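What follows is a short report on a single structure.
Computed from the coordinates by the stated procedures, all read-outs in this text should not be read as laboratory data. Since the structure is predicted, the reported quantities are computational estimates derived from the model, not experimental observations. Every residue, glycine as well, gets a Cβ built from its backbone with ideal geometry; the counts of neighbours run over all protein chains shown.
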């Protein structure tokens, strides 16, 4: 019995027989999807599978959460599994001072599955940041961090007697070597979203779980989505992202914010994809799809279109990030499917294509309108670090091997 089968047996132990098969197959598909993603970055299959299993965490807590779900049907699989994982992780954290707190706390994010009643929980690209550790790291580099109260209106469509709420924001300021003042903001609270969550729960639709800001013993934890969107939307300096695939480092002007070390499973690829998609939309007016259904992604179903492995000699050095763009069509909309990959140790870029042979082009707009059957690909060289201007647009160079 291989490692994957052992993991599946342990993770689904104790479930009713009728549910165990469905949950087991859902988990298997999600793990294999994550394995395929890691293989594209250059990892051998055995190592990619080992890393994928690590991303999903220990099977025993997962099994306990799944069993709790079936004993707590009112909450449902999504809420039960997330609440069990969340509570277990938070209670396991030792009490520490702000400067001793780790910056990243791992908590799974659970999404409902479109194919079964099971939920997908992955650690791969979802994490939480302790604001105590964040503040300590920024202050150690000479920044000042201030908590500011702001009044925010409650959207009219929400079922709330309140018309406004008071939100807390961390305002970070520092001086660059040029004498220019740097500034970025992070939320300490998000009461408007809390109201939205409460309304969704009342209506039987837990659309958000467990929310963007958590609190444990006075320590605030900020979700990775909110952290990253706050950085690119409020930073008045260019942003550079080093190691976006694994162990990312955010360069906020002269400040350096290391979110994790390589090998810890922390990634900021969703933010890079989002900002690169916005960058490409301007000149092309094309819909940019994250992924081209050639490389399975965590939020997709297990199925993917047939594809062919490519290893192309490129100008970039090992570790450089490239975006691979292919023409795709989804529900009648032509656009560009985008995957990110890194140059391997042999100086080649590994990716997958819908055809065994491809040609490389420079005209992105024509590429997107050419139809998914065309064997054409565009490569965007992003560099060893992804650079974003103050407008949030990503710098890239079109490359034709």
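Below, the figures for the structure above:
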| read-out | value |
| --- | --- |
| Contour excess over end-to-end distance, with Cα ends at residue 393 and residue 178 and 0.36 nm allotted per residue | 75.1 nm |
| Estimated inter-spin distance, residue 188 and residue 317, nm [label 7 Å along Cα→Cβ] | 4.3 |
| Dimensionless Rg/Rh of region 128-260 - Kirkwood Rh, Rg from C-alpha atoms | 1.01 |
| Efficiency of FRET from Cβ geometry, residue 32 and residue 359, R₀ 35 Å, rounded to 0.05 | 0.70 |
| Peptides ranked, highest mean first, by Cβ atoms within 10 Å: ranges 389-397, 355-363, 222-230 | 222-230, 389-397, 355-363 |
| Computed over region 222-293, Kirkwood Rh from alpha-carbon pairs, angstrom | 13.3 |
| Residue order, fewest to most beta carbons within 10 Å, for 175, 388, 271 | 175, 388, 271 |
| For region 252-294, alpha-carbon Rg over 2.2 N^0.38 Å | 1.56 |
| Fully extended contour minus Cα-Cα distance, from residue 46 to residue 13, at 0.36 nm per residue | 9.4 nm |
| Ascending count of other beta-carbon atoms within 10 Å, so fewest first, for 12, 151, 287 | 151, 287, 12 |
